[in-house]
Amino acid sequence: MAQPDVVREKIRTILREGAHQLAVISDFDMTLTTYYQHDGQRSASSHQVFRSWPKIDPVFAATGDALYAKYYPIEVDPTISRHDKQHHMETWWDSIHAALVKSGITRSDLQDMIDHTPVTWREGADTIFSLCHSRGVPLLVISAGLADLIELIMAKAGFDRTNVTIVSNRMIFSDDAREVITGFASPSIHIFNKDTVAALPSSREAVGDRPNILVMGDSVGDIDMAHGFDRGVRLAVGFCNLHVEQSLSEFLRVFDIVVTDDQPFSPFITSLLEAL
Ligand SMILES: [Mg+2]
C-alpha cells in the first residue's frame, strides 16, 4: 500500500454507500487464478489450456509456443513502454486467434480441454463469487483469454455466476452439427486494450450506474478495465506475480493495494465484500 490513508478512506466510502453502489471488475488469468500451482509449476492460463490439450493440432501447438516465447517476455518486461507493448500484443493475439481458427477445434472439444488441464483458482475465489451473488454486486470479468473456456471453467468449479458477466474473446462456430471454430467475434481483447473493452455495451451494462468500483488485475494494463467508470471511488488491487522487485514501484503507482506471492483474496478483499 503506497497510501494507507487514501485506501482507508476509499474503503470507508465503499462500506458507507453499500453493496448497491458497488461493482467488481476483475481480470481472469493470474488474478482469479494463481500464477503458480500448488506444486510450484506455472498454472495454466485459458490460452495454455488450449496449447496443452493432447489432441490439439501440433501445428497450432508449435505456433502457440513460438508466439508465447517471443511475446510473453515483452508483455512482462518492465523496461518496455506500455505504448510499445500494445502493438506487440495486438500482433500476438491476432496471430494466435488466426492459428486457432486453422486448428479445426470444435465446441465439444472445449470441455475435454478443461478436464485435461485444470486451472488453479486463487484461494478465496469461490468466496468472491458467492459474496458478489449474496450482496447483489455485479462481477464483470474482462479477460484477454477465451470467453468460451472461462465460462466452462467457472461452470466446472460450480461457482455462482448469477451476477457474473464475462467479456472476453469469443469464438464463432459453424452452424452445422460439428460446430467447428470459424473465427472470433471482434474486437480482439488483449492485455493492453482493456480501456476500449470497458467501453463496450456489455461492460457498461454489467456495471450499470454503480459509482464505486473494486478493480483487480495482475497487469498494470488491467487498471484500464475501470476506464470510464469514474463516478465514485475506485479501489484497485494488483497481483504482482513476476519481476516483483522491478515492477513493485509501478504497481504501487497504479494500484491502491498490491498483493505479491500469489496470496489469497482473504482476508482483505473478501472481508470488504463480507462487510457490505
Ligand atoms: Mg491476467
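Quick note: the coordinates plus some simple rules give every number you see, no bench work behind them. Note that the structure is predicted; figures quoted are calculated from it, not measured. Because the Cβ atoms are built from the backbone with ideal geometry, glycine has one as well, and the counts that use them run over all protein chains shown.
Per-structure values
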| item | result |
| --- | --- |
| Mean Cα-pair separation over length for the range 47-161, i.e. relative contact order, pairs under 8 Å, 6 or more apart, % | 30 |
| Computed FRET value (nearest 0.05) for ILE74 with VAL6, which takes r as the C-beta separation and R₀ as 45 Å | 0.90 |
| Distance in nm between pseudo-label sites at HIS133 and SER52 (7 Å out along the Cβ direction from Cα) | 2.7 |
| Inter-site label distance for SER174 and SER202 at 7 Å from Cα along Cβ, in nm | 2.4 |
| Whichever aspartates and glutamates have a C-alpha closer than 20 Å to that of LYS102, once near sequence neighbours (fewer than 8 apart) are set aside | ASP57, ASP65, GLU90, ASP94, ASP112, ASP148, ASP175, ASP176, GLU179 |
| Computed E for GLU123/GLU90 - FRET, C-beta separation, R0 35 angstrom, nearest 0.05 | 0.55 |
| Chain lengthening between ARG82 and ALA185 when straightened (0.36 nm per residue, less Cα-Cα) | 34.6 nm |
| Length released on extending from VAL244 to ARG107, taking residue separation times 0.36 nm less the Cα-Cα span | 45.5 nm |
| Qualifying lysines (Cα of each under 25 Å from Cα of LYS156; at least 8 residues distant if same chain) | LYS55 |
| Alpha-carbon centroids, the range 134-149 and the range 72-87: separation in whole Å | 25 |
| Extension gain from HIS116 to ALA155, taking 0.36 nm per residue of separation minus the Cα-Cα distance | 12.5 nm |
| The chain - share of DSSP beta bridges that are antiparallel (%, nearest 5) | 20 |
